[in-house]
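Trainee: Below is one structure. I have some questions about it.
The values are calculated or read from the model by the stated rules, or taken from the named source; none is laboratory data. Not measured: the values here are computed from a predicted model. Note that each Cβ is placed from the backbone with ideal geometry, even for glycine, and that neighbours are counted across all protein chains shown. Surface accessibility is based on the protein's heavy atoms, side chains included, excluding ligands, DNA and RNA. Shrake-Rupley method; radii C 1.70, N 1.55, O 1.52, S 1.80 Å.
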Amino acid sequence: MKRTTLTAIALAMVTGPAMADPDADALVVNGEIEMVTEASAPAHLEGALKTVYSGWRFRSDETQAVQMDDFDNPGMLGVEVALDAWTEVAGTEGESCASCHGSPEEMAGVSATYPKWDAAAGEVQTLTMQMNECRTERMGAEPYAYDKGDAINMTALLTSVSRGMPMSVAIDGPAAETWEMGKELYYTRFGQLELSCANCHEDNYGMMIRADHLSQGQINGFPTYRLKNTKLNGVHSRFKGCIRDTRAETFAPGSPELIALELYVASRSNGLSVEGPSVRN
Amino acid sequence: MQLTRRDALALGGAALSLAALPMRALAATDMVGEAITAFTGGADVGERGITLTAPEIAENGNTVPIEVDAPGAAAIMVLAAGNPNPDVGTFNFGPLAASQFASTRIRLAGTQDVIAIAKMADGSFVRASQEVKVTIGGCGG
Amino acid sequence: MATGVKPRVRVPKSASAGEAITIKTLISHQMESGQRKDKEGNIIPRSIINRFTVDFDGENVIDVALEPAISTNPYFEFEATVPASGSFVFTWYDDDGDIYTEEKAITVS
């Protein structure tokens, strides 16, 4: 009898959390920005996923709460730093971001469309690449280091003014080739653990990986303030961390591989709200 | 008596957690006791009139939200019994505090008890404690 | 270590006399615990904010002693009563001797 009870407890411990689907909580930031955290999967995911969920839905109530108020959200500290940088003249041309773009609010919606094809450059560009093109080509300034503080803070400013708007990256036309490359990377098993992005984030989201509740790995919430390292994290750094954890040689932030992967993963988030800077564990 | 593999795992797990907890507790016990004595001067500590709110499970030990509330307290000390240094902080409430409530975010080095001790206006002491399970990450930890 | 330290406070603009108001504060600070090691294995020296005080026209609301177990970017929420219109003064004391202050006026009707 005693043995049966123990077994039941052991089983409950194993299966209990493993069946935890995304929760049913609604995300409203500052009591006014209503976020779409659950949407019909974009057409290109037919056969893979029916519904896409924001990573917010997989977090504990305590972690979720930190994102629901800009004052509580330490990621907004980066936004404030970038607000100062926005109007700061940098480089040889006497220009700031504001010289061309006015107020940050005028950039609402921009981040939702990145990465995107840049005809002049003849390549798919991430928001970081576009920012650096502004800096080097128009401002005569040094480019920001990829995924480092200045770039991440500025990205967070640009996503913050787009919050609540749906992710909508284009995957057709000239971007298609890069998108296909990203898709192939997404389904390629890397490292000694032989894990692809899909093995965790498509096949097993909602399950527990050790003590962590696996999300779909959506990137609509980036840059993300992680409780783990208490700073804003960029998409490429996160990809790099994931690939490293498969015990593989990783790609560098800003590399063609991670740019392609960002386009593909962003397209999986199409329909979910821009949340950056979000808060995750 | 036949033990299945599952039974063995369950028993082993139970034994492990029994063995691990006192050891972890022992390491910091003296420092926790010293901190409490320093705060209370060795006075008796009751259990009513103080509320400590902390998550049962913290998603990351680096940033754990906690709240303390002890109506009528002059000060509330918070300890993390399993940290290398158990001191977390002390809230001293002034005359313009509307309540003896405060909320903050703390670091927990692992699963452990968080302890709050309030010094009441009359010089008596009360305590509350709660275990917070600190989880490790998925792959990277 | 105390670079880019930026205090933020949230106080209502107005309140009625004797009303309990909620105040939130967040300051950007690494709160280096003194427990971590750098890549070469050397202990990174402790560098934290060790005290935080809030006063209203010279009278104290809260006085907090902080230890290294307070998370990066220290956050506090608490309640104050204000007898009349005046100003809150928030003060953070850094291990390195720096002091950061912020002032917020409130109108009491």
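Trainee: For the protein assembly as shown, what is the accessible area per residue in Å², given a 1.4 Å probe and the full set of protein chains? Numbers along the way, then the final one.
Mentor: Numbers: 24460 Å² over 531 residues.
Averaged over the residues of the protein assembly as shown, the accessible area is 46 Å².
Trainee: With equal scatterers on the alpha carbons only and no solvent term, can you work out the Debye log10 of I(q)/I(0) for segment A:88-171 at 0.17, 0.20 1/Å?
Mentor: Log-scaled intensity ratios, in q order: -0.72, -1.00.
Trainee: For segment A:159-281, with the dipole built from +1 on Lys and Arg beta-carbon atoms and -1 on Asp and Glu ones, taken about the Cα centre, which of A:SER160, A:GLN192, A:ILE259 lies farthest toward the positive end?
Mentor: Value computed over the given set: A:SER160.
Trainee: Could you pull out every residue, at least 5 positions away or on a different chain, whose amide H is within less than 5 Å of the one on C:HIS29? Hs are placed 1.01 Å off N in the peptide plane, and Pro or chain starts have none.
Mentor: Here the answer is C:ASN73, since their amide H atoms fall under 5 Å of that of C:HIS29.
Trainee: Next question, about the same structure. What whole-number distance in Å separates the alpha-carbon centres of segment A:35-55 and segment C:22-81?
Mentor: When both Cα centres are located, 41 Å separates them.
Trainee: Here's something else I'd like to know. Against the longest alpha carbon principal axis of chain A, how many degrees, from 0 to 90 and to the nearest 10, is the axis of helix A:149-160 turned?
Mentor: Here the helix axis deviates by roughly 80 degrees.
Trainee: Here's a follow-up. Out of every Cα-Cα pair in segment A:133-281, what percent are more than 25 Å apart?
Mentor: 29 percent
Trainee: Among A:VAL89, A:GLY78, A:THR63, whose Cα lies farthest out toward the positive end of the dipole of segment A:48-107, if unit charges sit on the beta carbon of Lys, Arg (+1) and Asp, Glu (-1)?
Mentor: Checked the options; the winner is A:THR63.
Trainee: Can you give the net charge of the other residues whose Cβ lies under 12 Å from the Cβ of C:ASP96, counting K and R as +1 and D and E as -1? It would help to have the intermediate numbers written out before the result.
Mentor: On the way: positive: C:ARG46; negative: C:GLU32, C:ASP94, C:ASP95, C:ASP98.
Every neighbour counted, the sum reads -3.
Trainee: Related question: Quick one: the Cα spread of segment B:38-141 along its three principal axes, in angstroms, biggest first?
Mentor: Principal-axis extents of the Cα atoms in segment B:38-141, largest first: 50, 29, 21 Å.
Trainee: What is the Cα radius of gyration of segment A:165-222 over 2.2 N^0.38 Å, N being its residue count?
Mentor: Its radius of gyration relative to the 2.2 N^0.38 Å reference: 1.34.
Trainee: Can you list residues whose amide H is under 5 Å from B:VAL134's amide H, if they're 5+ apart or on another chain and H is modeled 1.01 Å from N?
Mentor: Hits under the 5 Å cutoff: B:ALA58, B:THR111, B:GLN112.
Trainee: Over chain A, what lengths in whole Å, largest first, do the semi-axes of the equivalent ellipsoid take, defined as the square roots of 5 times the eigenvalues of the alpha-carbon gyration tensor?
Mentor: 34, 22, 17
Trainee: Sum up the charges of everything whose Cβ sits under 15 Å from the Cβ of B:ARG127, counting Lys and Arg as +1 and Asp and Glu as -1, but leave B:ARG127 out.
Mentor: It works out to a net charge of -3.
Trainee: Which of A:ASN30, A:ASN229, A:ASN73 moves most in a GNM of chain A, Cα contacts under 10 Å?
Mentor: A:ASN229
Trainee: Same structure, new question: Using Stokes-Einstein with the Kirkwood hydrodynamic radius over Cα pairs, what translational diffusion coefficient do you get for segment A:11-134 at 20 °C and a viscosity of 1.002 mPa s, in µm²/s rounded to a whole number?
Mentor: Details: Rh = 18.4 Å.
In µm²/s, the coefficient is 117.
Trainee: Once amide H atoms are placed 1.01 Å from N in the peptide plane, what residues at a sequence separation of 5 or more from A:TYR225, or on another chain, have their amide H within under 5 Å of its amide H?
Mentor: Sorted by chain and number, the residues that satisfy this are A:ASN233, A:SER278, A:VAL279, A:ARG280.
Trainee: Let me ask another. Where in chain A lies the longest segment free of chymotrypsin sites (Phe, Trp or Tyr not before Pro) that are both loop residues by DSSP (not H, G, I, E, B) and have at most 15 other Cβ atoms within 10 Å?
Mentor: A:72-186
Trainee: Any number yet on Rg/Rh for the protein assembly as shown, C-alpha, Kirkwood?
Mentor: On the way: Rg = 25.2 Å, Rh = 25.4 Å.
Value, to two decimals: 0.99.
Trainee: Among A:LEU45, A:LEU214, A:LEU83, which one shows the highest mean-square fluctuation when chain A is modelled as a Gaussian network with alpha-carbon springs under 10 Å?
Mentor: Between A:LEU45, A:LEU214, A:LEU83, it is A:LEU45 that shows the largest mean-square fluctuation.
Trainee: How shielded is A:68-81 by partner chains, expressed as the average number of their Cβ atoms within 10 Å of its Cβ atoms?
Mentor: So the per-residue partner count for this stretch is 3.
Trainee: Please determine, in degrees from 0 to 90 and to the nearest 10, the orientation of helix A:2-18 with respect to the longest principal axis defined by the Cα atoms of chain A, where the helix direction is its Cα long axis.
Mentor: So the helix axis and the longest Cα principal axis differ by about 20 degrees.
Trainee: I'd like the Kirkwood hydrodynamic radius of segment A:198-281, using the inverse of the mean 1/r over distinct C-alpha pairs, in Å. Don't skip to the answer; put the middle values down first.
Mentor: Details: mean 1/r = 0.0745 Å⁻¹.
Computed over segment A:198-281, the radius equals 13.4 Å.
Trainee: Write down Rg/Rh for segment C:18-109, rounded to two decimals, with Rg from the C-alpha atoms and Rh from the Kirkwood relation over Cα pairs.
Mentor: The Rg/Rh ratio comes out at 1.10.
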